[in-house]
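Here's the structure we're looking at; comments come further down.
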Amino acid sequence: MKHSPRAALGDGGVQVRARVIATFGRQSLIADAAHIRQATRRGRRGDVVVGDCVLATVTSAEQARIESIEPRSTLLFRADQYRIKELAANVDQVIVVFAARPAFNRWFIWKALVAASAAGIDALVLRNKTDLSESDDASSFLQQIAKLGWRTLALSAKVDSARSRELLMHEVGGRKTLMVGQSGMGKSTLLNLLIPDAGARTREYSERLNAGKQTTTASRWFPFNGDSALVDTAGFEEFGLAHLSFGEIAATFPEFSALLGHCRFQDCRHLAEPGCAVRAARATGGIAPERYEFYRALAEASSA
Ligand SMILES: Nc1nc2c(ncn2[C@@H]2O[C@H](COP(=O)(O)OP(=O)(O)OP(=O)(O)O)[C@@H](O)[C@H]2O)c(=O)[nH]1
Ligand SMILES: [Mg+2]
Ligand SMILES: [Zn+2]
């Protein structure tokens, strides 16, 4: 940790600077170099996010009270009409994990890329389970993603694991990475490949938070190699983007970038406006029809 981890307080309590590694309701687990403690933040629900750096007062050997949250460098969230769900704070990379089996959803992956890009976070799309024989669709989908300019990686967490571990370490070493993906794609298996005691630590986190099975929807922060971290999130099926405006959405489409600013109207939504450069590119094959349909669905559902 950069700052001195302890500083004496006027009221006799010891203050620590720590990382939020897990949350459940009003409870969090916070870790500094030496301890993991249970922490509460009074009066406010949901404003502590996994990955936050906090200042906390130690109240007993295993307990602390969060006093303040440091400004975040990034915050990734998804949202539907009803609520916003923060996935992690202070990550500098998102890995979107998918595989041929169970069936993967293209829009889920594209939406995760939109969310990462809108939050200013680097993204990598990882195709796992390359050992499966029915991988053709997954393979060509990954190629399409690479052609659009995103970083991609294909490996198997189960077969040739030494090499997979090396490939993965090359992408996550020295960074703070959040893994997202539908359930069953292999995120936790990849985490365990890199951090062999991660499974046991996950169980310990849950026990200390009294969270039982409900933790399956939450993010968990695993530090490794000093300053690096890998964040595992349980799979979810819908990556809502209701918090983004159509302009923010359009700005995340790599194939639009050379066209934005060339529509007749400055506030063009690229839906039905005359003189739209995006729709012109769609008509001449410069933008894949399924990508335009994806854009249209997001723009029509967007907040502004
Ligand atoms: N064949 C094959 N199976 C794999 C591979 N990686 C993971 N699996 C299997 O896929 C299943 C799901 O893996 P998990 O790591 O639990 O998936 P997850 O993404 O963490 O799923 P959630 O936690 O539900 O979101 C397990 O049965 C793994 O053993 C792989 O590379 N090849
Ligand atoms: Mg998992
Ligand atoms: Zn337009």
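The values are calculated or read from the model by the stated rules, or taken from the named source; none is laboratory data. Predicted model only: the values in this text are computed from it and were never measured. As a convention, Cβ positions derive from the backbone with ideal geometry for all residues, glycine included, and neighbour counts pool all protein chains shown.
Brief remarks on what is shown
- Screening the candidates Phe239, Phe222 for the property of being part of a loop (DSSP other than H, G, I, E, B), within 16 Å of ligand 1 (Cβ to nearest atom), of a type in the set (A, V, I, L, M, F, W, C) and closer than 30 Å to Thr40 by Cα yields one hit, Phe239.
- Residue within region 281-299 that is within 9 Å of ligand 3 (Cβ to nearest atom), part of a loop (DSSP other than H, G, I, E, B) and in contact with a helix residue (DSSP H, G or I) (Cβ under 9 Å, 6 or more places away or on another chain) present: no
- Single residue of Ala162, Ala112, Ala146, Ala138 found to be more than 16 Å from the chain's Cα centre (by Cα), surrounded by 15 or more Cβ atoms within 10 Å (Cβ to Cβ) and not in a strand (DSSP E or B): Ala138
- Subset of region 142-187 [farther than 22 Å from Phe239 by Cα, more than 9 Å from ligand 1 (Cβ to nearest atom) and charged (D, E, K, R)]: Lys147, Asp160, Arg163, Arg165, Glu166, Glu171, Arg175
- For region 272-286, the set of residues classified as under 15 Å from Phe253 (Cα atoms) and either of a type outside the set (Gly, Ala, Ser) or within 16 Å of ligand 1 (Cβ to nearest atom) (or both) consists of Val278, Arg279, Arg282, listed by residue number.
- Any chance Arg163 is closer than 27 Å to Ser73 by Cβ, free of Cβ contacts under 8 Å to residues at least 40 places away in the same chain and more than 16 Å from ligand 3 (Cβ to nearest atom): no
- Those residues of region 168-210 which are touching a Phe, Trp or Tyr at 6+ places or on another chain (Cβ under 8 Å) and more than 15 Å from ligand 2 (Cβ to nearest atom), in sequence order: Leu209, Asn210
- Filter result for Thr177 (hydroxyl-bearing (Ser, Thr, Tyr), without any contact (Cβ under 8 Å) to a residue 60 or more places away in the chain, closer than 20 Å to Ala31 by Cα and not assigned by TED's automatic domain parsing to the domain that holds Gly286): no
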